[in-house]
Amino acid sequence: MEQSMRLHRTGRINSSLIVPHPLWTDVLETLRQRSEGWRESACILIGTASTNGVRVAVDAIFHHRLADDRATALSIELPEHAKFKMYADLAKRRLSPVSLVHTHPEAWVGLSVVDQSNRISSTIGFWSIVVPHYGSPPWNLEEIGFHVLEDSGWRELTAEERLAHFRLEEQPWNGGKTVSLMA
């Protein structure tokens, strides 16, 4: 994979991501099914972001359900019209994109130059999660790439940083029927 753009490492991480475990499992299984072992697949975790940097995912929007994502073995593209529709729908629901989750064909889970520049959100604290082997199990968190957008660019989290800032919760997930967690 091309890595000419470097991931940046600065001081403290100001973003955390909480995902209900049932949603996480549904996302990984859907990405695996969509990939069919030969193409990339992706989704956007949507939810809320508090002023202290905590992001809580409440649902997922899969690229292939928004529009033809033109997925190939090494790329995936969400057309602009699908992005605009998604943002309009999210505004109505008072939700935001909190993370992109996408697959890569092999074990490498870094962000390519294309991944780094073509992001769904430019909001500082937005996450990008990369699942290896087109989403095939086993889904070990240690083998998944976790990245957070900072002022200076993307930061690839170490195992210790992931443990501190990414959490799967055994809270109930109702299939995305939560409208907003914002007060």
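The values are calculated or read from the model by the stated rules, or taken from the named source; none is laboratory data. Only a predicted model underlies this, so the values are computations on that prediction, with no experimental measurement involved. No Cβ is skipped: glycine too gets one built from the backbone with ideal geometry, and neighbour counts run over all protein chains shown.
Residue-wise test of (1) among the hydroxyl-bearing types (Ser, Thr, Tyr); (2) surrounded by fewer than 16 Cβ atoms within 10 Å (Cβ to Cβ); (3) within 19 Å of Ser35 (Cα to Cα).
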| position | (1), (2), (3) |
| --- | --- |
| Pro79 | no, yes, yes |
| Tyr134 | yes, no, yes |
| Asn140 | no, yes, yes |
| Arg162 | no, no, no |
| Gln171 | no, yes, no |
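Quick check on this structure: which one of Val27, Val109, Val56, Val131 is within 19 Å of Arg162 (Cβ to Cβ) and either touching a Pro at 6+ places or on another chain (Cβ under 7 Å) or charged (D, E, K, R) (or both)?
The match here is Val109.
Just checking: which of the helices (runs of 4 or more DSSP H) contained wholly in the range 45-144 hold 3 or more residues that are modelled with pLDDT under 95 and polar (S, T, N, Q)?
Those helices (runs of 4 or more DSSP H) do not exist here; none qualify.
Inspect all residues belonging to the range 65-81 and state whether any of them is more than 15 Å from the chain's Cα centre (by Cα) and over 27 Å from Ser136 (Cα atoms).
Yes, that holds for at least one residue.
Scan (1) crowded, with 21+ Cβ neighbours inside 10 Å; (2) without any contact (Cβ under 8 Å) to a residue 40 or more places away in the chain; (3) of a type in the set (Val, Ile, Thr) for the single condition Val54 breaks and write down its number.
(1)
Counting only residues that are among the acidic types (Asp, Glu) and surrounded by fewer than 17 Cβ atoms within 10 Å (Cβ to Cβ), which one in the range 145-160 is modelled with the lowest pLDDT?
The residue in question is Asp151.
Could you identify the single residue in Phe146, Phe166 that is under 15 Å from Gly110 (Cα atoms) and not charged (D, E, K, R)? Break it down into steps so the answer makes sense when it comes.
On the way: Phe166 fails: under 15 Å from Gly110 (Cα atoms).
One residue alone meets the criteria, Phe146.
Restricting attention to the range 75-86, does a residue exist that is in contact with a Cys (Cβ under 6 Å, 6 or more places away or on another chain) and among the hydrophobic types (A, V, I, L, M, F, W, C)?
For the range 75-86, residues in contact with a Cys (Cβ under 6 Å, 6 or more places away or on another chain) and among the hydrophobic types (A, V, I, L, M, F, W, C): absent.
Among the residues of the range 81-101, count how many are under 22 Å from Ile13 (Cβ atoms) and buried (at least 21 other Cβ atoms within 10 Å of the Cβ). Working first, answer last.
Of the range 81-101, the ones under 22 Å from Ile13 (Cβ atoms) are 96-101.
Next, only the ones that are buried (at least 21 other Cβ atoms within 10 Å of the Cβ) stay: 97-101.
Total meeting the criteria: 5.
Let's see how each residue does on (1) touching a residue at least 12 places away in the same chain (Cβ under 8 Å); (2) more than 21 Å from His165 (Cβ to Cβ); (3) aliphatic (A, V, I, L, M):
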residue: Arg32; (1), (2), (3): yes, yes, no
residue: Ser35; (1), (2), (3): yes, yes, no
residue: Arg39; (1), (2), (3): yes, yes, no
residue: Ile61; (1), (2), (3): yes, yes, yes
residue: Ala67; (1), (2), (3): yes, yes, yes
residue: Leu78; (1), (2), (3): yes, yes, yes
residue: Asp89; (1), (2), (3): no, yes, no
residue: Ser96; (1), (2), (3): yes, no, no
residue: His102; (1), (2), (3): yes, no, no
